[in-house]
Amino acid sequence: MPRPSTTTVVAAATALGAALLLSGCGAGDDASSSGANGSFKAARCPGQPTVTWAEPATGDGTHPVRTAMGTVRVPNTPQRVVVLDTAELDSAITLGVKPVGATRSDVASGFLDYLPKDRVAGIKDVGRIGAPNLEAVAALKPDLILTSKVRDGQRYDQLAKIAPTVMTETTGYPWKQNFATHAAALNRIPEARRAAAAYRAHAERVTGALGGPAAARHLRTNVVRFVEGADTRLYGCQSYIGTVLADLGTGPTDVVDGAPDGLMREVSPEQINQADADAVFYSSYGTPQKSKEAQITAGGLWKHLHAVTTGRSFRVDDQLWIQGIGYTAADKILDEVQQRLAKKNRS
């Protein structure tokens, strides 16, 4: 996958608490938690946008889909779908659609490892994300192409000549609305709404495992990504992983306030103490040696983080936590949070 730009189990205590939890970031400006040096203040997170769903199309004709490039008419029952990014592939798999072609990620297996092997077997590789082989795409004779403007906007005219092309504006933070757009294009609205509802219920169960909404609101969780060839990234409220953690009621510390586009801020190895929180989840893009993960996590600043000294620093899979982007990935992340962090909370 191309390196991202720097500019992307108990029920809740009451129905009201659950609604508040899932409608916004889940941590108010006054939420804080005890840390090694006093308290970790919550980031000032905006509420997540409301998802707009289209109506299912009927008949054997075509239906309009609102996209970043205007309204596009697509087949009501597309049979040969090509996807050009990881979010679109996750959406298709979540909705029970096996694309005939997909761009590959920057991983040895081609497609991200968290995806079920039987669901991606036989999908044709049509080049790298952000640089698809248009001849390979055309050779598959697709009747629908899914991608985003941020990845392939400059190729829109060429792609549209091959097949109706549905582009969202960007990827990452607006993943829930993007999923609704993908569902509209694939004409899988009922299936998509069921997937979203199941995810919300899953998030409520994990919040319960963390001690309930009130406990989650006072739990600060930073996500740290060591990146080959770049500074270390701390993910903010308006990132994919930021929204998943917000759905549990937790979220990052105020270190990410002021991050460009709310996505992330970057810190040098000498600033890694700023990543501290009640819990830290970390991954590497690139090898641990080339991303400086090995060097930084062996150093004194990292070893003295509150999250590290309390046993709440967790190495996670970069493909799943950062690159995946979608409901299939998000459900697996929720499972991992429950298995690792909730267990620590009970110990």
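Any residue at all in region 281-292 that's touching a Leu at 6+ places or on another chain (Cβ under 6 Å) and of a type outside the set (Asp, Glu)?
Checked region 281-292: no residue is touching a Leu at 6+ places or on another chain (Cβ under 6 Å) and of a type outside the set (Asp, Glu).
Hey, could you check region 117-139 for residues that are of a type in the set (Val, Ile, Thr) and farther than 14 Å from Asp152 by Cβ and say which is surrounded by the fewest Cβ atoms within 10 Å (Cβ to Cβ)? Outline the logic, then answer.
Taking region 117-139 as the starting set, the residues that turn out to be of a type in the set (Val, Ile, Thr) are 120, 123, 126, 129, 137.
Narrowing the set further to residues that are farther than 14 Å from Asp152 by Cβ leaves 120, 123.
On the way: Val120: 19, Ile123: 22.
That would be Val120.
Considering only region 303-347, give the helices (runs of 4 or more DSSP H) lying wholly within it that have at least 2 residues that are assigned by TED's automatic domain parsing to the domain that holds Tyr235 and either touching a His at 6+ places or on another chain (Cβ under 7 Å) or over 20 Å from Asp247 (Cβ atoms) (or both).
Numbers: elements: 306-309, 327-337, 343-346.
Where helices (runs of 4 or more DSSP H) fall fully within region 303-347 and carry at least 2 residues being assigned by TED's automatic domain parsing to the domain that holds Tyr235 and either touching a His at 6+ places or on another chain (Cβ under 7 Å) or over 20 Å from Asp247 (Cβ atoms) (or both), they are 306-309, 327-337.
Can you tell me how many residues within region 161-192 are part of a helix (DSSP H, G or I), closer than 17 Å to His63 by Cβ and among the hydrophobic types (A, V, I, L, M, F, W, C)?
Final tally of qualifying residues: 7.
How many residues are touching a helix residue (DSSP H, G or I) at 6+ places or on another chain (Cβ under 9 Å) and more than 17 Å from Pro132 (Cβ to Cβ) when one looks only at region 78-90?
Here the count works out to 2.
Within region 196-223, count every residue that is within 15 Å of Tyr327 (Cα to Cα), surrounded by fewer than 22 Cβ atoms within 10 Å (Cβ to Cβ) and of a type in the set (Gly, Ala, Ser).
Counting residues in region 196-223 that are within 15 Å of Tyr327 (Cα to Cα), surrounded by fewer than 22 Cβ atoms within 10 Å (Cβ to Cβ) and of a type in the set (Gly, Ala, Ser) gives 4.
Can you spot a residue in region 193-212 that is modelled with pLDDT under 95, charged (D, E, K, R) and part of a helix (DSSP H, G or I)?
no
So which of Ala42, Ala108 ends up being in the same structural domain as Ala275 (by TED's automatic domain parsing), within 22 Å of the chain's Cα centre (by Cα) and either under 30 Å from Thr309 (Cα atoms) or at pLDDT below 95 (or both)?
Ala42
For the condition surrounded by 15 or more Cβ atoms within 10 Å (Cβ to Cβ), modelled with pLDDT of 95 or more, over 28 Å from Ser284 (Cβ atoms) and not assigned by TED's automatic domain parsing to the domain that holds Asp152, what is the one hit in Ala54, Ala68, Ala31?
Working: Ala68 fails: not assigned by TED's automatic domain parsing to the domain that holds Asp152; Ala31 fails: modelled with pLDDT of 95 or more.
Sole residue among the options that is surrounded by 15 or more Cβ atoms within 10 Å (Cβ to Cβ), modelled with pLDDT of 95 or more, over 28 Å from Ser284 (Cβ atoms) and not assigned by TED's automatic domain parsing to the domain that holds Asp152: Ala54.
What is the residue count in region 66-102 for residues that are of a type outside the set (A, V, I, L, M) and under 17 Å from the mean Cα position of the chain (by Cα)?
Selection size over region 66-102: 6.
Being more than 18 Å from Leu334 (Cα to Cα) and of a type in the set (Val, Ile, Thr) is the filter here; which residues of region 219-260 pass it?
Across region 219-260, the qualifying residues are Val227, Thr232, Thr253, Val255, Val256.
Give region 275-302 a look and list any residue that's assigned to a helix (DSSP H, G or I) and closer than 14 Å to Phe226 by Cα, or say none.
Ala275, Glu293, Ala294, Gln295, Ile296, Thr297, Trp302
Just wondering, is there one or more residues in region 285-295 that are within 23 Å of the chain's Cα centre (by Cα), modelled with pLDDT under 95, surrounded by fewer than 21 Cβ atoms within 10 Å (Cβ to Cβ) and assigned by TED's automatic domain parsing to the domain that holds Val206?
Checked against the condition, which is being within 23 Å of the chain's Cα centre (by Cα), modelled with pLDDT under 95, surrounded by fewer than 21 Cβ atoms within 10 Å (Cβ to Cβ) and assigned by TED's automatic domain parsing to the domain that holds Val206, region 285-295 yields at least one hit.
The values are calculated or read from the model by the stated rules, or taken from the named source; none is laboratory data. Since the structure is predicted, the reported quantities are computational estimates derived from the model, not experimental observations. In this analysis, Cβ positions are derived from the backbone assuming ideal geometry, glycine residues included, and neighbour counts consider all displayed protein chains.
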